[in-house]
Amino acid sequence: MITKIKIKTNGFTLIELMIAMALGLVLIAGAIFILISTRQNSQMQQAVTLLQDNGRVATKIFARHIRMAGFCNEALELQIPCSEIFTETNPPVSGIEGGGINPDQLTLRYASDGSMRDCLGNTIAKGGTSDNTFLVQTLDQNKKMTAYAIHPEFQYQLVCRDASGGEMILMDGVENMQVLYGIDTDADQIANRYVTATTVQANDNWNNVVAITLELMLRSQNNAVELQAKTNRLLGVQWVSHDRRLRYLFATTVSLRNRVR
């Protein structure tokens, strides 16, 4: 006689399957959240590091050239006397105020002892002179030069221009530059007040400039923070940005060594 044994197989109910799927989705969502958060933090840290490094480099570049402004020594066998190199119309320091939120321009002039380089990196022959103009230029979405404006898709570059019109990009991501000039009003070689280029020009005071205060706004090249509206201030200039770019403000005040003695 053959005995038949029935084996009962228990499977998962529909409710159990739905619960398992829900738990799986929760775990996957958590993993995705951690991945996105880690990526955002990494982008943020990279942006902070790059901005800090660029800011330090930019302020060092300006400090070096500001300190050299007005350098001249008759012993250098100059092509023309020092008194003719720096005049009322061709002072060691000059600038153009951008007006509104537009960036300023700064021009620094000095003679060379043969070991100096201009802001393009070219060695200046002994007795030669150098004119270095620093400015911010703007590129649109198609990387073409355009009028200055605050735009999340625009690119900004700190540029150096020599007297012949030659240019070199010193740094990307410099969104704005504002300059104030320290004026010595009582001949004690100490700045009594800091004013804009327009005020200096109006009073014909370029040869009384003994110090320069410079502020730079650097902006990350890529998105690094959450979308937000932020008020940015730069030496009295103010604007509101509404994007995901990280911004850092760098400021420095440098005395003109060849004017303060």
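Readers should treat all values here as calculations from the given coordinates under stated rules, not as data from a laboratory. Since we're looking at a predicted model, the values are computed, not measured. Please note: Cβ atoms are built from the backbone with ideal geometry, for glycine as well, and neighbour counts cover all protein chains shown.
Ranking Lys144, Lys60, Lys126 by Cβ neighbours within 10 Å, fewest first, what do you get?
Working: Lys144 8, Lys60 11, Lys126 14.
Placing the least packed residue first, the sequence is Lys144, Lys60, Lys126.
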Separation between Cα centres of the range 102-132 and the range 170-220, rounded to whole Å: 18 Å
Check: the range 208-248 dipole with +1 on Lys, Arg Cβ and -1 on Asp, Glu Cβ, in debye: 80 debye
Within-13-Å neighbourhood charge of Gln43 [Cβ basis; K, R +1; D, E -1]: +2
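Over the range 143-261, what is the relative contact order in percent, taking alpha-carbon pairs closer than 8 angstrom and at least six residues apart?
Working: 213 pairs, mean separation 26.8, N = 119.
Once divided by the residue count of the range 143-261, the mean separation gives 23 percent.
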Reachable aspartates and glutamates from Lys60, criterion Cα separation under 17 angstrom, eight or more residues apart if same chain: Asp118, Asp172, Glu215
Gained length - Val26 relative to Met168, 0.36 nm times residue gap less alpha-carbon distance: 45.8 nm
Loop GluC sites (Glu not before Pro), the range 113-179, which have at most 13 other Cβ atoms in a 10 Å radius of their Cβ (DSSP): Glu153
Selected from Asn132, Asn203, Asn90 as most flexible by GNM, with the chain as the system and alpha-carbon contacts under 10 Å: Asn203
Residue among Ala69, Ala187, Ala125 with the largest mean-square fluctuation in a Gaussian network model of the chain, springs linking Cα atoms under 10 Å: Ala187
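With +1 on each Lys and Arg Cβ and -1 on each Asp and Glu Cβ, how big is the dipole of the range 17-164 about its Cα centre, in debye rounded to the nearest 20? Intermediate values should be presented prior to the final figure.
Working: 11 positive and 13 negative charges, 137 e Å.
Roughly 660 debye for the range 17-164.
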Three principal axis lengths of the range 47-108 [C-alpha, angstrom, descending]: 48, 29, 13
Coarse-grained scattering of the range 125-225 at q = 0.10, 0.11 Å⁻¹, given as base-10 log I(q)/I(0) from a Debye sum over alpha-carbon atoms: -0.41, -0.48
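How high is the FRET efficiency between Leu227 and Leu120 when r is their beta carbon distance and R₀ equals 41 Å, given to the nearest 0.05?
Details: r = 38 Å, r/R0 = 0.94.
Efficiency at R0 = 41 Å is approximately 0.60.
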